[in-house]
Every structure is written in C-alpha cells, then in structure tokens.
Amino acid sequence: MSTESEFLWYIPNQIQPGHRGDTQEADHNTLATLTGHATALEQHGWTGALIGTGWGRPDTLTVATALAARTTTFEPLIAIRPGYWRPAHFASSVATLDHLTGGRVRINIVSGQDNLAAYGDSEGDQAHRYARTKEFMRLTRRLWTEESVSFDGAHFQVSDSTVVPRLHPHGDRLHPKLYFGGASPAAEQVAATEADVQLFWGEPLEGVADRIARLKALSRDLDRDLPPLQFGLRITTLVRDTTEQAWADAEAKVAKMAESRGGDPDQHRRATAVGQQRLLDLHTRGDVLDDNLYTAPGKFGGGGAGTTWLVGSAEDVARSLRKYRDLGITQFVLSDTPYLDEIARQGDQLLPLLRNPELVGA
C-alpha cells in the first residue's frame, strides 16, 4: 500500500451556517455552494475532503455522491456510523459509488456518540460498541473483496452475500480506505486489527509518537492480517502571510470565542470521548506546545479538530506538519475558516511547501 502523503480538507455538512466561525450564508449547504467547495479543492491541489456525519445533519453519503458527480478528481472521505447502516447495505452503496467514480471513495468509520434512538439504534457499553464496530469493518471489507460471503457474528449476519458491482483494484488499492479514530484501549484494538488509517487529533508530537508506537505494537501482538496500518492527522491550520499576523488572528479568534462563552474557561465540558478529553486537557500544559500548537481554543468550546490549531506562516505550519510526517503520518486532513477562502490560501501557499520539502527551511 502506498505511503505517499495525501492532503485533504473538510467540507462542513451542517444545517446551520457559521460552523467554527465560517461565513454566515443562507445558502451554505446548497448543492451549488458545496460543489463550489469541492471544485475549489480540485483547483488548488487538494486530494479531497472529509464530510462529517451525525443525526441532525444532511446524509453524508448522499452529499458525497452529489459532489462526486459534479467533480472529476475530488475524493470524498465519507464519515459513517455502523449503527446507522447494516454492513451489506453499506458495502453495496459504497461499491456502487466507488464504481461510478472510478475509485474515488474513502470512508471514515465513526463510533462516537450520536442520537441513536432517533434512527432506531441502540448500543451497550464501550466494549459492546467497539466489538460491533470491529465486526462491521471486518464484514464490510470481506463483502468488498470476496464473493458468496457468509458471516455469523454477535452483531451482524449475512448468508451467501455477493455485493455488486464488484470493486476493481486501482493500483495497490483493493477497496476504499477505512479511516478510524479513537484513543481508548478498546478503540486502539479495533484500529490495530481493522483500520487502514488511524486518524489522530492535533496532539503534541510526543503524544502522537507514543500512540504510533503503541498501535504498531498492538498490530503485531494481535496478529493483524492486513497491510500495515497508516496514520493520519486531523487538525486546524491557521495560516497567514506572516507569523505575526497569524498569531494576532489566532488570538483574536480565541478572544471572540471567550467572549461568546462569557470568559469562563472549560464551562463547555461534559462527559466526552477519551481522545477528545486528551485534547481538552492539553491547555493545562500551556497555551502553546511544541513550536506552534495552540491549545487555548480548547478552553472556550473548540471541539474535535477545532480544539488545537497549528498557527503561523505557511513556512511555520509546513515545518510543523513535516515533523508529524517524520513520525509516520501520511494522511493529513486540514481546515480553517472561512472554509472556502482557506481552501485557496492554504492550497496555494501551504501545499507546495509540503510537497516540495526543499522549499522549507529546517
């Protein structure tokens, strides 16, 4: 499996406008607007984009299908939840889209919290949730790569199942990559045995290095029978023409976040996933970690990829991302707001530095 670095963006898949400080436009989630994001990604050198999922958001696979139909190279990274789909239905839908797009589909498996009861799903404790996810990933991959599949698991069953159209190899790619996140021991066991790519949030370099080493050891200990696990980074990258301007804008954004929260750090906290809690705790070690990992957004409501930001000039941010690449990260999912403007800015200023290392000083 190729380990060449790939660079994706994020397309907001939201009913309400203004996600993470994006521009407030009434038509923010129309097909025309979202297609504009996807075509801008093609024009400015990005491979594709993550499209988020969750009950109360537009259906992610439908959005991805519409955008793929209106583009030529754009690769959607489609987030889905195992409880929302049955494996055979999912495998068939994705195989169809992959066939129609000539192999442009990627999948992000999400096991986090959702409004499960709204679509008739239920799950037990963490062990149950990740056991189900493990079965879902294993069965989906079998349906994509084998015919006449029979499977009798604790959570899913199929008998003599053959998904059509059959997936065709594209180079060394036998099926859509399965991306996966999660920092708990249960999640890491699933990643080590079933994922193609483990996605990390924007932790300091030391923490990412530790997790890569642990996942590699788990892959060996659990007798992984797939190609080696790849690693990805999902993070906000705030890039400006100069270091000084970047930090001024970053601090202004956080000040605005603090104002909207009444200036009370951490009041947004609630029971949350292990990986997200790791991010939220980082600011106790300092507002800036490593060279330019800004943790202050996590004090005032930054969540997920918005919890920590890499801040600086294109050269600053490229230098930091190259350090993650040196640890073994090959998949980068970046973003900042306004999303459409930053697709162009970072595509034109940041990506050339990442693809041509000699352009960035040590």
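Could you please find all residues in region 35-65 being farther than 20 Å from G232 by Cβ, in contact (Cβ under 8 Å) with a residue 24 or more places away in the chain and hydroxyl-bearing (S, T, Y)? Within region 35-65, T35, T39, T65 meet the criteria. Being touching a helix residue (DSSP H, G or I) at 6+ places or on another chain (Cβ under 6 Å), among the polar types (S, T, N, Q) and within 13 Å of A88 (Cβ to Cβ) is a property that does not hold for T133. With respect to (1) without any contact (Cβ under 8 Å) to a residue 12 or more places away in the chain; (2) in contact with an Asp or Glu (Cβ under 9 Å, 6 or more places away or on another chain), the lone exception for D152 is condition (2). Of the residues making up region 3-32, those that are surrounded by 11 or more Cβ atoms within 10 Å (Cβ to Cβ), of a type outside the set (A, V, I, L, M, F, W, C) and closer than 30 Å to P227 by Cα number 4.
Only one of the numbered conditions (1) free of Cβ contacts under 8 Å to residues at least 40 places away in the same chain; (2) of a type outside the set (A, V, I, L, M); (3) not in a helix (DSSP H, G or I) is violated by E244, and that is (3).
Of all residue pairs spaced 6 or more apart or on separate chains, those with beta-carbon atoms under 8 Å, a first member in region 220-234 that is closer than 15 Å to L77 by Cβ and a second member that is part of a loop (DSSP other than H, G, I, E, B) and of a type in the set (D, E) are Q230/D196.
Looking for whichever is surrounded by fewer than 16 Cβ atoms within 10 Å (Cβ to Cβ), under 17 Å from V239 (Cα atoms) and either in contact with a Phe, Trp or Tyr (Cβ under 7 Å, 6 or more places away or on another chain) or modelled with pLDDT under 95 (or both) here; the options are L354, L359, L321, L334. Which one fits?
On the way: L354 fails: surrounded by fewer than 16 Cβ atoms within 10 Å (Cβ to Cβ); L321 fails: surrounded by fewer than 16 Cβ atoms within 10 Å (Cβ to Cβ); L334 fails: surrounded by fewer than 16 Cβ atoms within 10 Å (Cβ to Cβ).
None of the other options fit; the residue is L359.
Of all the numbered requirements in (1) within 26 Å of D221 (Cα to Cα); (2) out of contact with any strand residue (DSSP E or B) (no Cβ under 8 Å at 6 or more places or on another chain); (3) hydroxyl-bearing (S, T, Y), T133 misses one, and that requirement is (2). Quick check: anything in region 208-230 hydroxyl-bearing (S, T, Y), touching a helix residue (DSSP H, G or I) at 6+ places or on another chain (Cβ under 8 Å), at negative phi and outside any loop (DSSP other than H, G, I, E, B)? Yes - at least one qualifying residue is present in region 208-230.
Checking each residue in region 96-118 for being in contact with a helix residue (DSSP H, G or I) (Cβ under 6 Å, 6 or more places away or on another chain), touching a residue at least 60 places away in the same chain (Cβ under 8 Å) and of a type outside the set (A, V, I, L, M) picks out only S111. G312 meets the conditions (1) modelled with pLDDT of 95 or more; (2) of a type outside the set (S, T, Y); (3) surrounded by fewer than 20 Cβ atoms within 10 Å (Cβ to Cβ); (4) not in a helix (DSSP H, G or I) in every case but one. The failed one is (3).
Within the option set A91, A186, A127, being over 24 Å from I51 (Cα atoms) and in contact with a Phe, Trp or Tyr (Cβ under 9 Å, 6 or more places away or on another chain) holds for one residue only, A186.
In the set (1) touching an Asp or Glu at 6+ places or on another chain (Cβ under 6 Å); (2) among the charged types (D, E, K, R); (3) outside any helix (DSSP H, G or I), the condition left unmet by E342 is number (3). Only one of the numbered conditions (1) surrounded by fewer than 19 Cβ atoms within 10 Å (Cβ to Cβ); (2) at negative phi; (3) modelled with pLDDT under 95 is not met by H99, and that is (3).
Among the numbered criteria (1) at pLDDT 95 or above; (2) within 19 Å of the chain's Cα centre (by Cα), which single criterion is violated by P227? With respect to (1) at pLDDT 95 or above; (2) within 19 Å of the chain's Cα centre (by Cα), P227 is out only on (2). Once region 161-199 is narrowed to residues that are buried (at least 18 other Cβ atoms within 10 Å of the Cβ), in contact (Cβ under 8 Å) with a residue 60 or more places away in the chain and β-branched (V, I, T), the residue that is farthest from F332 (Cα to Cα) is V163.
The values are calculated or read from the model by the stated rules, or taken from the named source; none is laboratory data. All of these numbers come straight from a predicted model, not from anything done at the bench. Reconstructed Cβ throughout: ideal geometry from the backbone, glycine too, with neighbour counts over all protein chains shown.
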